[in-house]
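Each remark here refers to the structure printed beneath this line.
The values are calculated or read from the model by the stated rules, or taken from the named source; none is laboratory data. Predicted model only: the values in this text are computed from it and were never measured. Here Cβ is always computed from backbone atoms with ideal geometry, including for glycine, and neighbour counts include all displayed protein chains. Please note that ligands, DNA and RNA were not included when accessible areas were found on the heavy atoms of the full protein model with its side chains. Shrake-Rupley method; radii C 1.70, N 1.55, O 1.52, S 1.80 Å.
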Amino acid sequence: MREPISSYPRVRVQDDGRQVVSQAGSVLLVETVRKTGLDQAISQALAQWRKPRAVHDPGKVLLDVALAVALGGAWKKTYGHHPLTAFLDHGPGGTGEPVAALLRPGNAGSNTAADHITATRLALAQLPKDYRRGRQTLICTDSAGGTHEFVSWLAQRGRWLSYSVGMTITEVIHQHALKISEPAWTPAVETDGEVRDGAWVAELTGDVLESWPQGMRLIVRKKRPHPGAQLRFTDTDGMRLTCFATNTADRPIAELELRHRLRARAEDRIRAARATGLRNLPLHDMAQNRVWLEIVQIALDLLAWMPMLALTGKARLWEPRRLRFRLFTAAAQLVTTGRRRILRLARHWPWTREITAALARLALLPNPG
């Protein structure tokens, strides 16, 4: 007897469908599940909770809900919880999947160091063993992570992690920034190496670094705010001031500032998470919403893995809303003939070829095991 390699039936795809139904493009996510072996892995992990006479596999039920969330099916309620999330960054050529999510009460502080340490531990545990410590792993956060306790934990001897952490412009940092001479400011750069218009960077030294870990560099940036932006009390001469800390010692400050600025890709991942169930936590109890958070993470995994495995070019960077509109909602006709199921996609849909090409790429991947 052949052992099944997936919980989902195999469907052939053609592009000549008539009398069609919607959401046919979701077969891309189903094939991603099949090729990654995610359904079998979740079923094995939840096998101990399956009752002897149960009809439905708990792992498949969980994955079915995650697939529904990935396709945009989320409840419309929300409760006072404050999740802290961490994502992998695959660079400009691809999206990133979540590696940790910590659900906290709604009144939790944004700069609670203990929560940042816990979330970072969870994230590092998801990485291959060789990347759980060492300079090759870079931890990036916004200014909420710029606390003594968290930075000291990152720099702890034996951990040796690289970091690029946003810092709040305190009064001490502000006063030191005001003393920087004009020649000490270096023009910021763009990803293509060109000078960034209206932005400069400088490094702060001296007693401003007292009490911080050895080897920490404090880099401040000033830039012209965009039209209509309101200045803060720490801004000077019409220039917006921001600051970050890093322990990377052998790179120019303009390059380090560009690297930290690209942390904004994490904001793209957060926006995608909010569009995939994170905005609306549907349950009252904290423990129940932790389960929901796990479901959202599975959905985000699929929405990151499918483009990386099956799409190319600009389509690989599409966020969930665009994936749903262009690919997942495609119409098709499901035909059963003999022992085969054939999904006939509508020819008039502009992205039918994108779907069939993506499925062809997935078909070339080896089956799990």
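Close Cβ contacts (under 7 Å, 6 or more residues apart or on different chains) running from residues in region 267-290 that are surrounded by fewer than 15 Cβ atoms within 10 Å (Cβ to Cβ) to residues that are hydrophobic (A, V, I, L, M, F, W, C) comprise Asn280/Ala74; Asn280/Trp75; Pro282/Trp75; Pro282/Trp292; Met286/Leu103. Yes or no: region 170-182 includes at least one residue that is open to solvent by less than 20 Å² (accessible area, probe 1.4 Å) and under 26 Å from the mean Cα position of the chain (by Cα). So far as region 170-182 goes, no, none of its residues is open to solvent by less than 20 Å² (accessible area, probe 1.4 Å) and under 26 Å from the mean Cα position of the chain (by Cα).
What do you reckon, is Leu124 touching a Lys or Arg at 6+ places or on another chain (Cβ under 9 Å), within 30 Å of Leu281 (Cβ to Cβ), at pLDDT 95 or above and open to solvent by less than 40 Å² (accessible area, probe 1.4 Å)? When the stated conditions are applied, Leu124 passes them. On inspection, Leu300 qualifies as under 30 Å from Ala245 (Cβ atoms), within 23 Å of the chain's Cα centre (by Cα) and outside any loop (DSSP other than H, G, I, E, B). What are the pairs with Cβ atoms under 7 angstrom where one residue, in region 17-37, is over 21 Å from Arg361 (Cβ atoms) and the other, located anywhere, is open to solvent by 10 Å² or more (accessible area, probe 1.4 Å) and at pLDDT 95 or above? Sequence gap at least six, or different chains. Pairs that qualify, where the first residue is over 21 Å from Arg361 (Cβ atoms) and the partner is open to solvent by 10 Å² or more (accessible area, probe 1.4 Å) and at pLDDT 95 or above: there are none. All conditions in (1) within 21 Å of Gln297 (Cβ to Cβ); (2) surrounded by fewer than 19 Cβ atoms within 10 Å (Cβ to Cβ); (3) at pLDDT 90 or above hold for Cys140, with the sole exception of (2).
Restricting attention to region 244-258, which residues are of a type in the set (Asp, Glu), open to solvent by 20 Å² or more (accessible area, probe 1.4 Å) and modelled with pLDDT of 95 or more? Glu255, the sole residue that qualifies. Cβ separations smaller than 7 Å between residues 6+ apart or across chains give the following pairs from region 184-196 residues that are without any contact (Cβ under 8 Å) to a residue 24 or more places away in the chain and more than 18 Å from Pro225 (Cβ to Cβ) to residues that are open to solvent by less than 60 Å² (accessible area, probe 1.4 Å) and among the aliphatic types (A, V, I, L, M): Ala184/Ala202; Val195/Val189. For region 22-43, the tally of residues that are open to solvent by 30 Å² or more (accessible area, probe 1.4 Å) and more than 21 Å from the chain's Cα centre (by Cα) stands at 4. Screening Ala249 against (1) under 30 Å from Gly94 (Cβ atoms); (2) among the aliphatic types (A, V, I, L, M); (3) outside any loop (DSSP other than H, G, I, E, B) leaves a single unmet condition, (3).
For region 326-353, the tally of residues that are open to solvent by 50 Å² or more (accessible area, probe 1.4 Å), part of a helix (DSSP H, G or I) and either within 20 Å of Gly94 (Cβ to Cβ) or of a type in the set (Ser, Thr, Tyr) (or both) stands at 1. Residues in region 147-170 that are in contact with a Lys or Arg (Cβ under 9 Å, 6 or more places away or on another chain), farther than 12 Å from Gly215 by Cβ and in contact (Cβ under 8 Å) with a residue 40 or more places away in the chain: how many? Looking only at that region, the number is 4. Taking region 319-356 as the range and being without any contact (Cβ under 8 Å) to a residue 12 or more places away in the chain and under 31 Å from the mean Cα position of the chain (by Cα) as the test, the residues that pass are Arg322, Phe325.
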